[in-house]
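A.B. asks: Here you go, one structure.
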Amino acid sequence: LKADVAAVVAPVFLLLLPIATVVIVIVLVAVAVKLWDRALKAAAVEDQGDGIFLVRSVADLQRHVARLKDGPVVVQEYIRRPLLLGGGLKFDLRLYVLVTACSPLRVYMFHNGLVRLCTKAYEAPDASNLGDHCMHLTNYAINKHSENFVPNEFAEEQDAGSKRSLAWFMEWFAERHG
């Protein structure tokens with residue numbers, strides 16, 4: 001893929017895939033267009049929650065994107081009824097993968113990842129709470145400033161805090177959903 005083709009193709013694929021798959025697609029696109037070093041630097045230090053926003057219409061999205069610097073944009077559709085953890089908190093899974101080959105595809109996933117939680121109980125998005133990032137976004141750089149943020153003080157306590165282990169999540173999920 002050439003860089004200009006990837007810039008068009010990648011966002012379309014991202015819209016169609018579940019969130020857990022998005023990580024793999026981003027990695028594969030970065031490798032395919034030889035932007036690996038740039039992609040890692042951007043993911044590691046540049047964003048830190050900046051530029052994340054929620055919109056209610058395509059027109060709102062176009063207004064926000066027009067204000068951004070040139071570069072790739074990731075758009076995800078909001079899940080209408082998300083699975084919530086205890087206390088009604090939204091979460092995401094941070095999974096770590098290593099892609100060693102693209103053809104044939106060979107991907108290794110680290111056995112443990114992170115579960116990142118929002119710090120405010122979820123309510124369906126509406127005009128009054130759309131800007132409440134601690135309710136709708138799981139981004140650590142945003143939630144660590146919340147008065148409700150709970151740091152993980154002890155590594156052995158996997159069931160407490162605003163960041164938890166993937167092992168804890170798998171156990172929690174199996175208990176509730178078989």
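The values are calculated or read from the model by the stated rules, or taken from the named source; none is laboratory data. Because the structure is predicted, anything quoted here is derived from the model rather than measured. Positions of Cβ are generated from backbone atoms using ideal geometry, with glycine treated the same way; all protein chains shown enter the neighbour counts. Heavy atoms of the whole protein, side chains included, go into the accessibility calculation; ligands, DNA and RNA do not. Shrake-Rupley method; radii C 1.70, N 1.55, O 1.52, S 1.80 Å.
A.B. asks: What full-extension length gain, to one decimal in nm, is calculated for Leu93 and Leu105 as 0.36 nm per residue of separation minus the Cα-Cα distance?
C.D. replies: Numbers: separation 12, 0.36 × 12 = 4.32 nm, distance 2.23 nm.
So the extension gain works out to 2.1 nm.
A.B. asks: State, as an integer percentage, the relative contact order of region 59-178 based on alpha-carbon contacts under 8 Å between residues 6 or more apart.
C.D. replies: Working: 140 pairs, mean separation 24.0, N = 120.
Here the relative contact order equals 20 percent.
A.B. asks: Taking the Cα-to-Cβ direction at Ile79 and at Ala160 and moving 7 Å from each Cα, how far apart do the two end points lie in nm?
C.D. replies: 2.7 nm
A.B. asks: Turning to a different aspect of this structure: Keeping the other protein chains in place, figure out the carbon and sulfur percent of the accessible area of region 50-178, with a 1.4 Å probe.
C.D. replies: Numbers: 4750 of 8920 Å².
Exposed carbon and sulfur together represent 53 percent of the surface.
A.B. asks: Quick one: which of 148-155, 116-123 comes out on top by average Cβ neighbours within 10 Å, and what's the full order, highest first?
C.D. replies: 116-123, 148-155
A.B. asks: Sticking with this one: Please work out the average accessible area per residue across region 125-174, using the 1.4 Å probe convention, and give it in Å².
C.D. replies: 59 Å²
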